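Step one of this worksheet: look at the structure below.
Laboratory data are not the source of any read-out in this text; all were calculated from the coordinates shown. Everything numeric here is computed off the predicted structure, so don't read it as measured data. In this analysis, Cβ positions are derived from the backbone assuming ideal geometry, glycine residues included, and neighbour counts consider all displayed protein chains.
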Amino acid sequence: MFDPPRDRDQLAAIQLERLNSLVDRVIGANPFQSPRLAAFAAGPRTLDSLRALVPLTCKADLVRDQAENPPFGTNLTFPVSAYTRYNQTSGTSGEPLRWLDTPESWAWMVKNWEAVFLAADATADDRVFFAFSFGPFLGFWTAFDAAENLGCLCIPGGGQSTSARLQSILQNRVTVVCCTPTYALRLGETAAEEGIDLGRSAVRALLLAGEPGASVPETRQRVELLWPRARVFDHHGMTEVGPVSYECPKVNGLLHILEESFIPEVISPSTLSTMSTASTMSPHSIHGELILTNLGRVGSPLFRYRTGDLVCTDGRAPDEPCACGSVEIGLRGGILGRTDDMLVIRGVNVHPSAVEAIVRRFAEIAEFRVNVRPVRSLLELAVEIEPVPNCSSGERLAEKLEGALREALNLRIPVASVPPGALPRFEMKAKRWIYHQAGSA
C-alpha cells in the first residue's frame with residue numbers, strides 16, 4: 001500500500017539517523033569518500049553541516065578516479081570480492097562509469113523501486129512486462145526484482161521484435177508495462193500500423209523511465225492517446241545513485257524524491273550555492289540543479305552528488321503536504337533537462353525538452369532527429385521529421401513545424417521531411433540530437 005512520509009520533522013530525523021549510520025560505515029573504509037567526509041564526521045553532525053562541510057561531487061571526479069584506479073576506482077567501501085552486481089552508465093553525457101553493488105546495496109535500490117510500483121498502485125495481481133533487452137545499464141534490473149518482491153508476475157521482453165512484444169502484452173493480459181517514453185510511443189505506433197486496438201488490452205499503467213519525456217505534457221498526451229486505458233507514471237534514477245523518484249498518484253507530472261533514501265538539494269548551476277532544500281522549500285518554485293546524497297548504498301555511496309539534472313520545485317512550504325499526503329519534495333515537470341544539454345542558438349537558450357514539446361504537438365510526426373552543426377563559430381540546428389504513413393504531405397507538415405518552432409523559440413530552424421523508416425527507433429535512451437563537427441556532412 002502506498003504510504004508516503006507525512007511528517008517533515010520525523011522524516012528529517014530518519015534522514016539524519018541514516019546519514020550518520022552510513023558515514024560511520026564509510027569513513028576510514030572508503031578511500032574516495034573518507035577525505036571528503038572527514039570534517040563532517042568529526043561533528044557535530046546535522047543536515048546543515050552536511051551541506052556546509054561536504055564538498056560537491058560531480059561525474060568528472062568519478063571518471064577521473066576510475067581512470068587513475070582502473071577498472072572500478074576507489075569509491076568502494078568493501079573489497080571487490082564483496083560485490084555481486086556490475087552496471088555501467090550509458091555514456092550519453094561523457095565517459096561511461098562502471099558501478100559495483102553489494103547484495104545489501106542492491107536490496108536498498110530494489111526497495112526504492114518497490115515504492116515506485118506502490119505509488120502506481122501495483123499489487124501481486126499485476127502482470128508486469130519489461131519491454132527492453134537487459135544489458136550492462138542499470139535500466140530496469142532493479143525494477144524487475146522489485147516487481148518480483150511484490151508478488152507480480154514478471155514477464156521479460158528481451159530479444160523480441162516490437163510486434164512480438166505487443167503480442168506478448170496482449171496474450172498474457174499484461175497490466176503494467178515498463179519501458180522508456182520513446183519505446184512506449186513505438187509500441188503504440190506499431191499497434192496502430194498493425195491494426196491492434198490497445199484500448200482492448202489490459203494495460204492500465206505505463207511506468208516510464210530513462211528519458212525526461214514522460215513528464216513533457218505533449219509527449220505524455222501522445223503516449224496516453226496511443227494507450228487509451230493506461231495512465232503514464234514517470235520515474236527517474238541514475239546508475240550512480242539508483243532509483244530516485246516516483247510520480248505523485250494525484251498530480252500528473254509531479255515527481256517526489258524518495259526522501260527516506262535520499263537527501264535532496266537544489267543549487268544554482270552557475271554559483272553552486274544551495275537555493276532550496278526539503279526543509280527550506282519556498283512557496284515560490286525554485287529552478288536549479290538537483291543534488292543528491294544517498295542514504296543506503298553503502299558499498300558505493302555518493303554524498304552531495306551533482307546529478308546534472310535541471311528541476312523545478314513545486315512551491316510547497318516544508319510542512320505542507322502534497323495532494324497525495326506526502327511531505328517529500330516535489331519536482332514539477334520531472335526532469336526538465338540537463339546542465340550540459342542546453343544550447344545557445346543565435347543568442348537563444350534552447351533545451352531539447354522544449355523542442356520535443358513542440359514536435360509532439362503534431363500527431364502526424366512519427367519520429368524526429370535534430371542535427372547540431374557549428375557554422376562560422378556559431379551553432380545551428382536543423383530538424384528532420386518522419387511523418388506517419390498516412391500523412392498527406394510531409395513537406396507541408398515540415399512547414400507547419402518550422403512555423404511552430406519559430407513562434408515558440410523566436411528562431412528559424414529548418415525542418416525537412418524524410419521517407420518512412422528513415423530515422424532510427426530506440427529501445428533504451430533515444431539519441432535524437434546528433435552533434436556534427438565543422439565541415440561534416
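Below is a table of values for the structure above.
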{"item": "Point-to-point label distance, ARG173-ALA363, nm (Cα→Cβ direction, 7 Å offset)", "result": "3.1"}
{"item": "Table column - 3J(HN,Hα) (Hz), the range 352-362, Karplus curve with 6.51, -1.76, 1.60, x for Gly and Pro", "result": "x, 5, 5, 5, 4, 4, 6, 4, 6, 5, 9"}
{"item": "Proximal charge balance of ALA39 [Cβ under 14 Å; K/R count +1, D/E count -1]", "result": "+3"}
{"item": "Cα long-axis angle, helix 181-193 against the chain (0 to 90 degrees, to the nearest 10)", "result": "30"}
{"item": "Pairwise centroid distance, computed over Cα atoms, of the range 385-441 with the range 307-350, Å", "result": "27"}
{"item": "Angle in degrees between helix 162-171 and the longest Cα principal axis of the chain, rounded to the nearest 10", "result": "80"}
{"item": "On Cα atoms only, tilt of 394-409 relative to the major axis of the chain in degrees", "result": "40"}
{"item": "Trypsin sites (Lys or Arg not before Pro) restricted to the range 195-263 and DSSP loop, no more than 12 other C-beta within 10 Å", "result": "LYS250"}
{"item": "Helix-derived mean residue ellipticity, 222 nm - over the chain, DSSP H n ≥ 4, -39500 (n - 2.57), to 500", "result": "-9000 deg cm²/dmol"}
{"item": "Inter-centroid distance (Cα atoms) of the range 178-255 relative to the range 37-61, Å", "result": "37"}
{"item": "Residues PHE362, PHE129, sorted so that the one with the fewest Cβ neighbours within 10 Å comes first", "result": "PHE362, PHE129"}
{"item": "Relative contact order %, the range 343-435, counting alpha carbon pairs below 8 Å whose residues are six or more apart", "result": "31"}
{"item": "Length-normalised contact order for the chain - Cα pairs under 8 Å, 6+ apart - percent", "result": "14"}
{"item": "For the range 74-150 and the range 1-20, distance of Cα centres in Å", "result": "23"}
{"item": "When the chain is reduced to its Cα atoms, the Kirkwood hydrodynamic radius in Å", "result": "22.9"}
{"item": "Gain in span if fully extended, TYR435 to ASP319, counting 0.36 nm per residue against the direct Cα distance", "result": "37.3 nm"}
{"item": "Using a Förster distance of 22 Å, the FRET efficiency for ARG45-SER273 (Cβ separation, nearest 0.05)", "result": "0.50"}
